[in-house]
Amino acid sequence: MNVKIIEIPKITEPRGNLSIIEKDIIPFEINRVYYLYDVPSGSERGGHSHKNLLEFLIALSGSFDVVLNDGKESKTITLNKPYEGLLINPGIWRELNNFSSGSVCLVIASEVYEEEDYIRDFEEFVNFSNCK
Ligand code: TYD
């Protein structure tokens, strides 16, 4: 599946840790950053795929599950480390669930927001991915 866990460099010190995302660890030009927070327990986010967009997800705080599907197989990745990010290439259906209390999901994206880039219907996604 066209996703990858990428380690984010960290500097650990007794007075606290610091992680750095410089452009060389992300394989796309950054055009947007957004974040999910105050997600109520039991809530689900995502539920779509993208035609062209690449995203890099990080659990800045707490944890959540990312359920991925490429039209053929499904897998779940738990993000729970602020020094680890998940690269999701285009053409992958993603659902985010199981958010822990106080969790924050940072998303770094390759493009500005464009609703036309979304596929929000799962059946349409499966048909779209099988046509490729
Ligand atoms: P949505 O894509 O449903 O969020 P998620 O996939 O995280 O569950 O987006 C929620 C709303 O926010 C929707 O009306 C679109 C809007 N939105 C923007 O205006 N800009 C953005 O960059 C994003 C990610 C969403």
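Taking every protein chain into account, the accessible area of the chain amounts to 58 square angstrom per residue (probe 1.4 Å). Once you have a ≥ b ≥ c as the square roots of the Cα gyration tensor eigenvalues for segment 1-58, tell me rounded if a/c is under 1.5, and otherwise prolate or oblate according to whether a/b is larger than b/c. In terms of gyration-tensor shape, oblate. Peptides 43-50, 88-95 ranked from most to least packed, by the mean per-residue count of other Cβ atoms within 10 Å: 88-95, 43-50. Computed from backbone phi, the HN-Hα couplings of segment 66-82 come to 10, 9, 10, 8, 9, x, 10, 9, 10, 8, 10, 10, 8, 9, 8, 10, x Hz, rounded to whole numbers (Karplus: 6.51 cos²θ - 1.76 cosθ + 1.60, θ = phi - 60°; Gly and Pro given as x).
Calculated mean residue ellipticity at 222 nm for the chain: -2000 deg cm²/dmol, from DSSP H runs with n ≥ 4 weighted as -39500 (n - 2.57), summed, divided by the residue count and rounded to 500.
Overall, the accessible surface of the chain at a probe of 1.4 angstrom is composed of carbon and sulfur to the extent of 47 percent. Here the extension length gained between ASN2 and LYS81 equals 26.4 nm, from 0.36 nm per residue of separation less the Cα-Cα distance. I need the shape label for segment 1-104. Rule: rounded when a/c is under 1.5, else prolate if a/b > b/c, else oblate, with a, b, c from the alpha carbon gyration tensor. It is oblate, given that a/c is not under 1.5 and a/b is not larger than b/c. Peptide packing: for 11-20, 97-106, 117-126, the average count of neighbouring Cβ atoms within 10 Å per residue gives the ranking 97-106, 117-126, 11-20, highest mean first. Taking a ≥ b ≥ c as the square roots of the Cα gyration tensor eigenvalues, segment 38-86 comes out prolate, since a/c reaches at least 1.5 and a/b is larger than b/c. The Cβ shell under 10 Å around GLY47 holds other residues with a net charge of 0, Lys and Arg each +1, Asp and Glu each -1.
The values are calculated or read from the model by the stated rules, or taken from the named source; none is laboratory data. Everything numeric here is computed off the predicted structure, so don't read it as measured data. A quick note on method: Cβ atoms are made from the backbone with ideal geometry, for glycine too, and the neighbour counts reach across all protein chains shown. SASA here: full protein model, heavy atoms, side chains in, ligands and nucleic acids out. Shrake-Rupley method; radii C 1.70, N 1.55, O 1.52, S 1.80 Å.
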